[in-house]
Amino acid sequence: MRKPHLYGVSGGLYRLTANGWVTSEHDQLSPYSKPRYPGMLATRLHRELRGVTVVALP
């Protein structure tokens, strides 16, 4: 099937400390097939391409 499949989201992880909210340095990927991260602020949606052919542009 040649349809893009929703794969998951990525974004920053936040956690509450005694000094306030702290964020991760790098974005984390959270696939829909696995448990999600608590405290994630998703900023990107990821799709998986299946059955496609990569071609060079002229």
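None of the figures in this text is laboratory data; all of them are computed from the coordinates on show. If you're wondering where the values come from, they're calculated on a predicted model, not measured in any experiment. Glycine gets a Cβ as well: all are built from the backbone with ideal geometry, and neighbour counts include every protein chain shown.
Once you place label points 7 Å from the Cα toward the Cβ at Lys34 and Glu48, how far apart are they in nm?
About 1.2 nm, to one decimal.
What does the convex hull of the Cα atoms come to per residue for region 5-48, in Å³?
Convex hull volume per residue, Cα atoms: 57 Å³.
I want to verify a result. In a Gaussian network model of the chain, Cα cutoff 10 Å, which of these has the top mean-square fluctuation: Gly11, Gly20, Gly39?
In the Gaussian network model the winner is Gly20.
Going 7 Å from the Cα of Thr23 toward and past its Cβ, which residues in region 32-46 have a backbone nitrogen under 20 Å from where you end up?
Answer for this model: 37-46.
Along the charge dipole of the chain, Cβ charges K/R +1 and D/E -1, which of Pro4, His26, Met40 sits furthest on the positive end?
Pro4
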